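Right, one structure below, let's go through it.
The values are calculated or read from the model by the stated rules, or taken from the named source; none is laboratory data. Here the structure is a predicted model, which means the values were calculated and not measured. All Cβ positions, even for glycine, are placed from backbone atoms using ideal geometry, and neighbour counts span all protein chains on display.
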Amino acid sequence: MKIRRSDRLIDMTNYLMERPHTLISLTFFTKRYESAKSSISEDLAIIKRTFQYRGIGVLKTIPGAAGGAMFIPSISETEARDFIADMAHQLSAQDRLLPGGYVYLSDLLGEPQVLKRVGRLIARQYIDQQIDAVMTVATKGVPIAQSVAADLNVPFVIVRHDSKITEGSTVSVNYVSGSNNRIEKMELSKRSLPTGSNVLVVDDFMKGGGTVNGMKSMIEEFDSHLVGITVFAEAAFSGHRMVDEYTSLLKVDKVNTLEKTIEVSAGNYLQKVFGDK
């Protein structure tokens with residue numbers, strides 16, 4: 001049954017947004033709405049223009065018999081800057097300071113709207129790169145990895161500090177903790193990551209970079225390639241950080257445990273993605 005254009009536009013937009021990085025053929029839409037290809041093409045042009053204007057994402061249209069449309073999620077510069085500024089303000093609250101200079105993040109990273117924007121921000125940075133999997137370490141990085149993977153439409157894999165019987169055979173690596181120089185171990189199921197994968201590493205918090213560096217070693221064990229590293233927040237670190245190339249949404253600049261004060265600012269994400277102003 002043919003439907004009105006307004007209804008069709010709503011359904012098409014929803015269908016595309018629920019299937020990011022997936023090519024949907026024009027033929028599929030013509031059969032779904034019993035409409036001519038010319039009408040579908042006009043609809044896609046409207047959606048594409050709106051996505052671009054609102055900073056929602058990019059709608060790639062591919063001509064030809066095998067062509068179609070593909071939605072690639074993004075975020076506007078204004079929304080990104082406003083969100084990071086709001087997060088920096090919330091994380092500067094005194095009651096978030098934990099022993100060791102860490103910041104309490106669990107409540108924010110448990111909010112769906114916060115996670116949605118974090119995922120969109122991180123996915124935006126790698127919009128033009130081939131990502132086959134998102135990797136994180138259990139447990140606090142899991143919701144971030146899941147959100148990023150959803151926007152990239154790829155699997156996410158979880159590295160664990162202790163193996164589980166349900167994981168089957170695992171690959172393990174030893175790594176040096178960047179904050180206390182202790183030798184730690186992490187493991188990943190052999191079935192989790194195909195050889196030759198392009199992997200994006202994400203995590204909630206980075207101090208010395210030991211855990212992230214361990215995941216980098218794990219990727220090498222699978223003969224795969226590290227595409228990038230992005231963390232929600234990094235701590236100011238006076239020692240030698242074990243990773244040099246990384247992106248952070250936020251940075252804990254100063255912590256005073258005696259006065260229980262904390263100062264948080266934007267990390268290097270805005271400069272890397274948009275160029276700081």
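Tabulated results
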read-out: Residue list for the range 257-277, restricted to those being farther than 23 Å from Lys216 by Cα and surrounded by 12 or more Cβ atoms within 10 Å (Cβ to Cβ); value: Thr257, Thr261, Ile262, Glu263, Val264, Ser265, Ala266, Leu270, Gln271, Phe274
read-out: Matching residues in the range 153-199 - criterion: being loosely packed, with under 11 Cβ neighbours inside 10 Å and within 23 Å of the chain's Cα centre (by Cα); value: Thr195, Gly196
read-out: Among the candidates Ala65, Ala69, Ala88, residue that is among the hydrophobic types (A, V, I, L, M, F, W, C) and closer than 30 Å to Ala233 by Cβ; value: Ala88
read-out: Every residue from the range 243-277 that is aliphatic (A, V, I, L, M) and modelled with pLDDT under 90; value: Val255, Leu258
read-out: Residues being closer than 14 Å to Tyr15 by Cα and more than 28 Å from the chain's Cα centre (by Cα) - total across the range 60-73; value: 0
read-out: Residues (among the aliphatic types (A, V, I, L, M) and in a loop (DSSP other than H, G, I, E, B)) located in the range 220-277; value: Ala236, Met242, Val243, Leu258
read-out: Odd one out for Glu221, checked against (1) in contact (Cβ under 8 Å) with a residue 40 or more places away in the chain; (2) within 19 Å of the chain's Cα centre (by Cα); value: (2)
read-out: Pick from the range 65-81, criterion of a type in the set (Val, Ile, Thr) and outside any helix (DSSP H, G or I), ranking: surrounded by the fewest Cβ atoms within 10 Å (Cβ to Cβ); value: Ile72
read-out: Residue in the range 177-185 that is closer than 28 Å to Tyr126 by Cα and in contact (Cβ under 8 Å) with a residue 60 or more places away in the chain present; value: yes
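Condition check ((1) surrounded by 14 or more Cβ atoms within 10 Å (Cβ to Cβ); (2) among the small types (Gly, Ala, Ser)) across all residues:
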{"site": "His21", "(1), (2)": "yes, no"}
{"site": "Thr27", "(1), (2)": "yes, no"}
{"site": "Ser38", "(1), (2)": "no, yes"}
{"site": "Leu44", "(1), (2)": "yes, no"}
{"site": "Tyr53", "(1), (2)": "no, no"}
{"site": "Pro63", "(1), (2)": "no, no"}
{"site": "Gly110", "(1), (2)": "no, yes"}
{"site": "Leu115", "(1), (2)": "yes, no"}
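Okay, residues lined up against (1) within 27 Å of the chain's Cα centre (by Cα); (2) not in a helix (DSSP H, G or I):
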{"position": "Arg8", "(1), (2)": "no, no"}
{"position": "Tyr15", "(1), (2)": "yes, no"}
{"position": "Ile40", "(1), (2)": "no, no"}
{"position": "Val58", "(1), (2)": "yes, yes"}
{"position": "Phe83", "(1), (2)": "yes, no"}
{"position": "Gln90", "(1), (2)": "yes, no"}
{"position": "Leu105", "(1), (2)": "yes, yes"}
